[in-house]
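Data first, discussion second: the structure below is written as structure tokens.
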Amino acid sequence: MAHGAHRTPLLPPRPDLALARDCEQCLGWGTVVTRDGHHELCHTCQPGPAEGAARTPCS
Ligand SMILES: [Zn+2]
């Protein structure tokens, strides 16, 4: 029982669920699963992890 069969996927940065609520791409999750089984921010409703700081909805 030394092998960890259950791999813990990398958790994506917290998506904005308010933006994802009406998104049909991610069904409100804010993240999508790639073909490799990784979770990524939904490109449809999420601004993106890198350029997210550039756009601030309300400050
Ligand atoms: Zn989405």
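Of the numbered criteria (1) modelled with pLDDT under 65; (2) surrounded by 10 or more Cβ atoms within 10 Å (Cβ to Cβ), the one ALA50 fails is (2). Counting residues in segment 22-39 that are buried (at least 17 other Cβ atoms within 10 Å of the Cβ), part of a loop (DSSP other than H, G, I, E, B) and modelled with pLDDT under 85 gives zero.
The values are calculated or read from the model by the stated rules, or taken from the named source; none is laboratory data. Note that this is a predicted model, so its numbers are computed, not measured. Note that each Cβ is placed from the backbone with ideal geometry, even for glycine, and that neighbours are counted across all protein chains shown.
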